[in-house]
Each structure stands twice: as C-alpha cells, then as structure tokens.
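FYI, it's all coordinate maths here, none of it is from the lab. Note that the structure is predicted; figures quoted are calculated from it, not measured. Please note: Cβ atoms are built from the backbone with ideal geometry, for glycine as well, and neighbour counts cover all protein chains shown.
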Amino acid sequence: MVQPAPLSDAWIAALDGAASAHDTLCDMASTVTLSLEYRVTEGPIWHISLGDGEARVRTGPAPEPTVTFSTDRATAIGMMNGSIDPLDAVITGDLSMSGDPRHLVGQHDLLATLGDVFGSVRAGT
C-alpha cells in the first residue's frame with residue numbers, strides 16, 4: 001500500500017480516518033467542542049473538529065476555529081515526524097497561534113489522556 005505524502009489531501013484523509021476511529025477521542029468529543037485549524041505556508045489548510053461525539057479532520061479552514069496554528073512547511077513536517085516539539089516551535093516563533101488558547105489549557109488534562117491519536121498515520125509516512 002502506498003502511504004500518503006505528508007500534508008497532501010490523502011494524508012489529511014488518513015488523519016480523519018484515525019481520528020474518527022479513535023474511541024477515546026470520540027468519547028471526549030461527546031463532552032467537548034473544539035475546532036483546531038492548521039495553516040501551512042505554501043501548503044494546505046486543514047482542521048480538526050470535536051463535538052457531538054465526532055472527531056473529524058477536514059481539508060480547508062474551520063468555520064469557527066477555537067485556535068489556529070500557522071507555520072511553514074519544514075516546521076509542519078518536523079512536528080509531524082516528531083523531530084520538532086510544538087512547544088519549542090511556539091517559543092522560537094516557528095509556530096504561531098491565534099484564537100483563544102485558554103480552551104486548550106482548560107482541556108489539558110483530558111487531552112493528555114488521548115495518547116498518539118495520529119501515530120498510525122505518522123508511522124506510515
């Protein structure tokens with residue numbers, strides 16, 4: 001099986017498959033509403049939406065993102081493959097956030113229980 005190229009539409013579809021099949025994430029989506037948008041310079045825009053018991057990843061901008069993350073392609077790929085820590089990318093200015101990150105902070109304990117939701121996609125790319 002050919003693995004999808006990172007940041008491609010097929011890769012985003014693989015993320016959606018992993019998210020929608022992750023029982024703990026979908027359970028969390030029964031009590032949490034959250035929308036995270038990702039923007040890559042000269043690359044794709046996609047978003048993760050949690051709510052109404054569903055966890056989905058879709059191409060394009062989120063209708064009403066809670067938080068938007070923006071970065072360049074090299075940083076996005078580094079975060080995807082684990083060679084760049086997202087917090088380090090924020091500190092160095094390679095990853096910017098807009099919106100209201102307090103929603104993420106408020107869900108920190110719950111988010112920490114998820115594990116590596118997208119590990120299967122990362123391993124295949």
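The distance between label points at S8 and A21 comes to 1.8 nm (points 7 Å beyond Cα on the Cα→Cβ vector). Among residues other than F118 whose Cβ falls under 14 Å from its Cβ, what is the net charge (Lys/Arg +1, Asp/Glu -1)? Once positives and negatives cancel, what remains is 0.
Each of (1) 2, 11, 20, 25, 25, 13, 4, 0, 0; (2) 2, 8, 12, 12, 10, 8, 8, 7, 7, 6, 5, 5, 4, 3, 2, 1, 0; (3) 2, 9, 14, 15, 15, 13, 10, 8, 6, 5, 3, 2, 1, 0 is a candidate for P(r) over Cα pairs in 5 Å bins from 0, in percent; the one calculated from this structure is (1). 3J(HN,Hα) along region 26-43: 5, 4, 4, 5, 6, 10, 10, 10, 8, 9, 10, 9, 10, 10, 10, 4, 6, x Hz, from the Karplus curve 6.51 cos²θ - 1.76 cosθ + 1.60 with θ = phi - 60°, whole Hz, x for Gly and Pro.
Placing unit charges on the Cβ atoms of the charged side chains and taking the dipole of region 43-125 about its Cα centre, the candidate lying farthest along the positive direction among F69, Q107, G43 is G43.
Only one residue of L87, T24, V121 has its Cα farthest out toward the positive end of the dipole of the chain, where Lys and Arg carry +1 and Asp and Glu -1 on Cβ, and that residue is V121. For the pair D52 and H108, the difference between a 0.36 nm per residue extended length and the Cα-Cα distance amounts to 18.2 nm.
For region 1-79, a crude dipole built from +1 on the beta carbon of Lys and Arg and -1 on the beta carbon of Asp and Glu, taken about the Cα centre, is about 200 debye to the nearest 20.
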